[in-house]
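Remarks on the structure that follows.
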Amino acid sequence: MSQHTALKTRIARARELAGLRTGQAARLLGVDRAWLARVEAEQEPPTEALLAALARLCRTSVAWLLGDAPRIPESTQRLLRNSKLTPRDRETLLEVAGMWSTPEEGAARGRGRP
């Protein structure tokens, strides 16, 4: 997923990678399922509170949801260089590594969240 991917795609992808359906995420966030679906379809703007709560729920950052590309941890870069992943697996690994790393954590710890 590129840095310029639409917000709706990032919100839906974060939710999917967290293993949540729209209804489940809505219940956990305390919002209406239909409203969350409209946010994911970019028919409604997300509130700052929703973005923060969704980032916590999906173990990512608001920056990632908004499209800021975090630093890819060195361990992930090594894995990409030294493995025989399919192009799709490489893309997924980069997406997950980017989603679970915040710029501050990556710089401070050199790795993403478990």
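Values quoted throughout were computed directly from the atomic coordinates according to the rules given, and no laboratory measurement underlies them. It should be emphasised that the depicted structure is a prediction, and the values quoted were computed from it without experimental measurement. Cβ atoms come from the backbone with ideal geometry, glycine included; neighbour counts cover every protein chain shown.
For the stretch 7-66, compute Rg over Rh where Rg is the Cα radius of gyration and Rh is the Kirkwood radius from the inverse mean 1/r over Cα pairs. Here the Rg-to-Rh quotient is 0.89. A cut-off under 15 angstrom between Cβ atoms defines the neighbours of Lys8, and their net charge, with Lys, Arg +1 and Asp, Glu -1, is 0. The ranking of Thr86, Thr60, Thr92 from fewest to most other beta carbons within 10 Å of each one's beta carbon is Thr86, Thr92, Thr60.
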